[in-house]
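Here is the structure we will look at, set down as structure tokens.
Bear in mind that the values in this text are calculations on the coordinates, not laboratory data. Computed from a predicted structure; not experimentally measured. Heads up, the Cβs are rebuilt from the backbone with ideal geometry, glycines too, and the neighbour counts pull from every protein chain shown.
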Amino acid sequence: MTNNHFINMKILIFVEKNIIGLDHEVVVGVKEKLNHWIENGAEIEFLTGINKFMALKKLDDQIKEFGFSKPKIHDKKDEEKFVNVIRKIKPDLLIEKVGNSDEAKTFKEKLPGEIKVLLLEEDATLELLSDDPKELLAMASEDPVEAIKDNTY
């Protein structure tokens with residue numbers, strides 16, 4: 001790898017709505033984006049509310065299709081809170097979409113100063129984000145990332 005700005009950074013991504021859509025299909029552009037981040041020094045781990053064995057196996061198989069031989073998928077047990085799971089994982093960056101946790105507050109609000117959180121609006125996709133993980137960290141301190149609208153007339 002001839003990347004001169006190689007960094008080692010753990011990115012934790014909510015699977016729901018970011019990796020797998022509501023239709024249970026892989027979101028467009030995700031595979032390519034994850035591979036760019038890995039090429040640029042990011043370690044990718046996944047967070048999900050799915051905790052049934054067969055559903056987790058299916059998710060594991062879907063993520064393996066991206067080229068991950070042993071994806072790290074963290075699932076939240078029924079009695080656990082996402083915020084505690086995230087604290088245990090200690091990512092450098094959490095990518096969250098509005099509504100991921102089905103709670104009133106986002107993790108950007110719950111974990112200020114603890115963990116950098118890149119918050120995406122509901123219609124934004126990972127495809128819109130930079131290929132450079134360092135830029136994602138900088139974006140995490142900004143307002144939620146919105147989908148890019150076509151403003152041509």
**Prompt:** Which far-off residues, 5 or more places away or on another chain, put their amide H under 5 Å from the one on Phe68, with H placed in the peptide plane?
**Reply:** none
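Can you tell me the relative contact order of the chain? Whole percent, Cα pairs under 8 Å, sequence separation 6 or more. Walk me through the intermediate numbers first.
Working: 216 pairs, mean separation 38.6, N = 153.
Relative contact order for the chain comes out at 25 percent.
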**Complete:** Shape call for the chain, from the Cα gyration tensor axes a ≥ b ≥ c (a/c under 1.5 means rounded, otherwise prolate when a/b beats b/c, else oblate), comes out rounded
**Asked** What ³J(HN,Hα) values, in whole Hz, does the Karplus curve 6.51 cos²θ - 1.76 cosθ + 1.60 give for the range 54-60 when θ = phi - 60°, with x put for Gly and Pro?
**Response** 5, 5, 5, 4, 4, 4, 4
**Complete:** Ranked from fewest to most other Cβ atoms within 10 Å of their own Cβ, Glu45, Glu16, Glu25 fall in the order Glu25, Glu45, Glu16
**Item:** Share, in percent, of DSSP beta bridges within the chain that are antiparallel, nearest 5
**Value:** 5
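Here is the link list: Lys10/Lys57; Lys10/Lys72; Lys52/Lys81; Lys31/Lys58; Lys88/Lys110; Lys72/Lys110. Which ones come out longer than 19 Å on Cα distance? Don't skip to the end; give the middle numbers.
Values: Lys10/Lys57 23 Å; Lys10/Lys72 11 Å; Lys52/Lys81 16 Å; Lys31/Lys58 17 Å; Lys88/Lys110 15 Å; Lys72/Lys110 23 Å.
As for pairs spanning more than 19 Å Cα to Cα, those are Lys10/Lys57; Lys72/Lys110.
Counting helices only, and only those DSSP H runs with n ≥ 4, report the 222 nm mean residue ellipticity of the chain as the sum of -39,500 (n - 2.57) divided by its residues, in deg cm²/dmol to the nearest 500. Intermediate values should be presented prior to the final figure.
Values: 5 runs with 41 residues, N = 153.
Computed ellipticity for the chain at 222 nm equals -7500 deg cm²/dmol.
Could you order the peptides 86-94, 66-74 from most to least packed, using the average number of other C-beta atoms within 10 Å per residue?
Working: 86-94: 17.3, 66-74: 13.9.
Put in order of decreasing packing, that is 86-94, 66-74.
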**Item:** Extended-chain gain in nm, criterion 0.36 nm per residue less alpha-carbon gap, Glu109 and Glu122
**Value:** 3.0 nm
**Prompt:** His74's amide H: which non-local residues (gap 5+, or another chain) put their own amide H closer than 5 Å, with H modeled 1.01 Å from N in plane and none for Pro or chain starts?
**Reply:** Phe46, Leu47, Thr48
**Item:** Per-pair calculated FRET efficiency, R0 = 30 Å: Met54 and Ser141 via Cβ, rounded to 0.05
**Value:** 0.15
